[in-house]
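Have a look at the structure below, then the notes.
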Amino acid sequence: MTPTRHTPTQHDIDQEIAAERAAYEKRRADGAPVEHHPRRDCAPYRSSVLRHPRQPLVAIDVTRNPELVELSSPAFGERDVTETDNDLTRQHAGEPIGERITVCGRLLDRDGRPVRGQLIEIWQANAAGRYAHQREQHDAPLDPNFTGVGRTLTDSDGFYRFTTIRPGPYPWRNHLNAWRPAHIHFSVFGRAFTQRLVTQMYFPGDPLLPYDPILQSVTDEAARQRLVATYDHSLSVPEFSLGYRWDIVLDGPYATWLEEGR
C-alpha cells in the first residue's frame, strides 16, 4: 500500500520557521557572526531545498580573461534604456488596471554613498496577481495593457524611480493555502552581467507578510523590515499615484537581503 503523502499546512510551515529562527538565535548567542542573508536551503521555502547550489562558486579571473564575461553575457548600455522603460503604465496603448504607484529610492554602498549609473530592473505580477509569462499557471486574468517589467539607470545621486501598478497577491504551491504577499522583484546589475543581484520589495501593512516563507527565511528581524517599503506622501503624484520609498544597500551591516544562489 502506497503511503499517503503529507501536504504541509501553514501550521507546519510556521513551526519550521520558528525552528529556523531559534537556531539562528542560538548561533548568535554562541558568538557566531550575524547572518545578513538566509540559508540557501531554507526548509520552509520548499523549492530552495531542491535548487540551491551545492558546489563552490566558480571564480573567473576577468583581469586575465575579460572576454569570458563579455562573450557569454548580454551587454547593457545607457542608449538601450528608453524614457518609458521605467513607467510600466505607459508601455501599451491602453491604461493598465489597478492602483497606480510610484516607487523611488537610492542605490547605496555600505558607507551610504550613491552607486551611480547602475541598471535596475523590476518584474512583477499584475493587479490580479498574475505574471505575463507563458509558464504562469494562476487562473487570474491577464491585463493586455500591463507586461509587468521595467528598467532604469540610477542617476548621479544613486536615485531610481518607477511608475507601475501595485501587484496583487497570488497562490503558490509551497504548502496548503499558500499565498505570496504583494511584492516587486528587483535586479541590480554591476559592470557586468555576472555581478547581478536579485531581491524583493514588499508593501507595508500587508497581512500576508507573516505567512510568507520567502520573507520569513530572513531570520534577522531588522533585515526583514528593510525589505518592506515605506509609504512616502511626498512621492505620491497628485490625483495619479501613491508613493513608496525603498533604498537598496549593497553591502555591510545594513545591507538589503539578496537572493544568493537562487
Which numbered condition Ile17 fails, given (1) modelled with pLDDT under 80; (2) of a type in the set (Val, Ile, Thr); (3) surrounded by 14 or more Cβ atoms within 10 Å (Cβ to Cβ); (4) farther than 30 Å from Gly117 by Cα: (1)
Looking at segment 226-242, can you tell me whether even one residue there is touching a Gly at 6+ places or on another chain (Cβ under 6 Å) and either assigned to a loop (DSSP other than H, G, I, E, B) or surrounded by fewer than 16 Cβ atoms within 10 Å (Cβ to Cβ) (or both)? yes
Among Glu221, Glu239, which is the only one that is on the phi > 0 side of the Ramachandran plot and of a type in the set (Asp, Glu)? Glu239
Would you say Arg113 is among the charged types (D, E, K, R), under 19 Å from the mean Cα position of the chain (by Cα) and open to solvent by 10 Å² or more (accessible area, probe 1.4 Å)? no
Considering only residues of segment 69-105 that are open to solvent by 90 Å² or more (accessible area, probe 1.4 Å) and aliphatic (A, V, I, L, M), which is modelled with the highest pLDDT? Ile97
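The values are calculated or read from the model by the stated rules, or taken from the named source; none is laboratory data. Note that the structure is predicted; figures quoted are calculated from it, not measured. When we count neighbours, we look across all protein chains shown, and the Cβ atoms used for this are built from the backbone with ideal geometry, even at glycine. Ligands, DNA and RNA are excluded from the accessible area calculation, which covers all protein heavy atoms including side chains. Shrake-Rupley method; radii C 1.70, N 1.55, O 1.52, S 1.80 Å.
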